[in-house]
Amino acid sequence: MHGRKLLLPAALVLLLSALVACTFNPNASTWSADEVQTLRSLSLAVLKPLPPDPSNAVADDPAAAALGERIFFDTRFSANGAVACASCHMPERHFTDGRPFGVGVGVIPLNAMTLVGAAYSPWQTWNGKNDSQWSQALLPLENALEHGGDRTFYAHLIAEHYAGEYTALFGPLPDLADATRFPPHAGPVDAVAASIAWETMTPDDRDAVNRVFANIGKALAAYERTLLPKPARFDRYVASLDDHGRPQGQPILNDDEIAGLRIFIGKGRCTNCHNGPRFTNDAFHNTAVPGAPGYPLQRGRIDGVARVQNDPFNCLGPYSDAAPEACTALRFMVTEGDTLLGGMKTPTLRNVAETAPYMHTGQMATLAEVVAHYSGGGYALLGHNELTPLNLTAQEAAQLEAFLHTLTEEPSP
Amino acid sequence: MSPAKLVLLLLTVLLTALLAGCMAPAGMAATPTGSTLPADLDFSATRLSDNGLFRATYTSDATPVPLNELHAWTLHIESADGAPVENAVIHVNGDMPEHGHGMPTTPQVTQELGNGDYRVEGMRFQMGGWWAITFDIEAGGQRDRVTFNLQLK
């Protein structure tokens, strides 16, 4: 009888302790085997080595990267002597600028994309108008709103300031001393005088300048290839999971961040596009992101396709170092269909909490606005909208945002 | 059954339920909804064409078939009675039926390897989920279509 009377309180104690253990058990299984597989696919630990760029013979040459780095920060490479690549791609801001629009010689109505990990992508810029980093680097140099210069101006700068480094990498520079053959300002640019000067140059002289210009891009790209993503708290968390989805050791993510991660790979369907260890599929999608008020709508990928096909500095062009069959991005490019109009490249989400504002014209100031857009949906003014609203609760939206903060790289130990 | 026993039984059931709930991965309840994936999809790498004219098999250079990675397939085509099909003209198309879009590339047959084998270059998938890859095959004056289903992660 005595033992029986004890049974009930004993059971109660057991029940309570189970409740406590369940709530506070750090070894509780958080993820299914499938989910563990998804989480690991997002971890930097599975990032593959950087693919080669066959169109750039100096892509992995440290001397080229060193030259590229100096040019990257050199404001002499601009019309007003005040603009460098680093003006919009600031190292301390993960190679973005914190502004909606880029500010060079003028204002560029596009948001500066990060360069971190960009070397992995077959396409550069929001609409993919370049098939290599070196051909991309040339566009801002001659854009009237960005660096505002022209290609003979840049060739002269190389001859004046970087002749030794240049010739060691690329061979002799053309003799640019004759100012009638090589005017101080000439190039296929908006500035009328420089444009006319370019037209009056001989094809051979233009070709010689083009080659120097392309090599500037190749050195810049060699530097940009060294800008690779670094591990974030998220990566440590994934590394701490055993095969049964149980985190080992000290807690790395808090409950809200874990809940946000669950939304990211589940209800939020974020990994449809933000997949792989860089959190991007490098593809073009139309998610009904509104345009910047007062500016023409960006037509996205459809313009990028037309531009890259006609770019003399593309992988198939005369300044590329690649055999034509190695130009796989161009060879298998999608050139038609209703997915091109309004399509923008999926941006990486690594360091996303530190790289506001967001979207192609920086039209969203905060991550909360971005999450609200994907939760509420939108109407595409151009093209076919791929976005179906997620209908997140306020708590889910906050959790998703909390998770995005775990993708910021941590200081090296 | 005495009231005490009943309470004890109830408590035991509660405890068991609680422990089971505690141990199961919480994510099991969080499967994305809204999938229209047909239940009876055939994911085989060898399939008959729609009208039974060809039997085709694909092998991927990269296994498992990866996301975000350009890779090549080899497509083997034989007639229904097992003879290799030579000199076929083949068009490739990849589609995500649940998303209304296709691949980020335009894959092409770039080489006939002999013995009914064809090299398919430019394969790239940008999204996990159900993919339907169709090969329109024209050979010996006959035309048919074979579709492979893939479930990518």
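Any read-out appearing in this document is the output of simple, stated calculations on the displayed coordinates, not a laboratory observation. Just so it is clear, the structure is predicted and the values come from calculations on it, not from any experiment. So basically every Cβ, Gly included, is an ideal-geometry build from the backbone, and we count neighbours across all protein chains shown.
Under the Karplus relation 6.51 cos²θ - 1.76 cosθ + 1.60, θ = phi - 60°, what is the ordered set of whole-Hz ³J(HN,Hα) values for the stretch B:137-142, x standing for Gly and Pro?
Whole-Hz 3J(HN,Hα) from phi for the stretch B:137-142: 10, 10, 8, x, x, 10.
Within 10 Å of each Cβ in peptide A:359-370, how many partner chain Cβ atoms are there on average? Round it to a whole number, please. Mind dumping the intermediate values first?
Values: counts 0, 0, 0, 0, 0, 0, 0, 0, 0, 0, 0, 0.
Per residue, the number of nearby Cβ atoms from other chains is 0 on average.
Quick one: compute the contact order of chain A, relative version, from alpha carbon pairs under 8 angstrom and 6+ residues apart, as a percent.
Values: 730 pairs, mean separation 90.7, N = 413.
Here the relative contact order equals 22 percent.
Taking a cut-off of 16 Å between Cα atoms, list the aspartates and glutamates near B:K153, but don't count ones fewer than 8 places away on the same chain.
Result set, ordered by chain and number: A:D34, A:E35, B:E69, B:D95, B:E98.
Using alpha carbon centroids, what distance separates the stretch A:285-321 and the stretch B:49-113, in Å?
Distance between centres, Cα-based: 30 Å.
Enter the mean number of other protein chain beta carbons within 10 Å of the beta carbon of each residue in A:328-335, as an integer. Could the numbers behind the result be given before it?
Details: counts 5, 5, 0, 7, 12, 4, 6, 1.
So the per-residue partner count for this stretch is 5.
For every helix of n ≥ 4 consecutive DSSP H residues, a contribution of -39,500 (n - 2.57) applies; sum these over the protein assembly as shown, divide by its total residues, and give [θ] at 222 nm rounded to the nearest 500 deg cm²/dmol. List each step's numbers first, then the result.
On the way: 15 runs with 176 residues, N = 566.
Helices in the protein assembly as shown give a 222 nm mean residue ellipticity of -9500 deg cm²/dmol.
How large is ³J(HN,Hα), in whole Hz, for each residue of the stretch A:167-177 in order, when computed from phi with the Karplus curve 6.51 cos²θ - 1.76 cosθ + 1.60 and θ = phi - 60°, using x for Gly and Pro?
Each residue of the stretch A:167-177 in turn: 5, 4, 8, 10, x, x, 6, x, 6, 9, 5 Hz.
Would you mind pulling out the separation of the Cα centroids of the stretch A:338-358 and the stretch A:44-81, in Å?
22 Å
Scan around B:G102 for amide H atoms under 5 Å from its own, H built in the peptide plane at 1.01 Å from N, and keep only partners 5 or more places away or cross-chain.
Sorted by chain and number, the residues that satisfy this are B:M96.
R0 = 51 Å: FRET efficiency of A:A86 with B:E98, Cβ-based, nearest 0.05?
Values: r = 43 Å, r/R0 = 0.84.
According to the calculation, E is roughly 0.75.
Could you work out, residue by residue across B:90-100, how many beta carbons of other chains sit within 10 Å of that residue's beta carbon, and then give the average as an integer?
Numbers: counts 0, 0, 0, 0, 0, 0, 1, 0, 0, 4, 4.
Averaged over the peptide's residues, the number is 1.
If you keep only loop residues by DSSP, which chymotrypsin sites (Phe, Trp or Tyr not before Pro) in the stretch A:361-413 have at most 12 other Cβ atoms within 10 Å of their Cβ? Before the final figure, lay out each step's value.
Details: sites: A:Y374, A:Y379, A:F403; in loops: A:Y379.
Here the sparse-neighbourhood loop sites are A:Y379.
If you line up the long axis of helix A:133-142 against the longest principal axis of chain A, both from Cα atoms, how many degrees apart are they, to the nearest 10?
Once rounded, the angle reads 60 degrees.
Among A:W134, A:W123, which comes first, second and so on when ranked by fewest other beta-carbon atoms within 10 Å?
Values: A:W134 31, A:W123 24.
The order, fewest Cβ neighbours first, is A:W123, A:W134.
Whole angstrom only: what separates the Cα centroid of the stretch A:149-211 from the Cα centroid of the stretch A:90-105?
Taking the Cα centre of the stretch A:90-105 as reference, the centre of the stretch A:149-211 is 28 Å away.
For the pair A:A33 and B:D81, what calculated FRET efficiency results from E = 1/(1 + (r/R0)^6), where r is the Cβ-Cβ distance and R0 = 51 Å, to the nearest 0.05?
0.75
Just to confirm a number: summing +1 for Lys and Arg and -1 for Asp and Glu over residues other than A:A186 whose beta-carbon lies under 15 angstrom from that of A:A186, what do you get?
Details: positive: A:R151, A:R181, A:R206, A:R211; negative: A:E142, A:D150, A:D178, A:D190, A:E199, A:D204, A:D205, A:D207.
It works out to a net charge of -4.
So what's the net charge close to A:D338: Lys and Arg +1, Asp and Glu -1, counting the other residues with Cβ under 14 Å from its Cβ? Mind showing how you got there, number by number?
Details: positive: A:R299, A:R301; negative: A:E336, A:E386, B:D95.
Local net charge: -1.
Amide H neighbours of B:G129 under 5 Å, counting only residues 5+ apart in sequence or on other chains, H built in-plane at 1.01 Å?
For B:G129, the qualifying residues are B:L152, B:K153.
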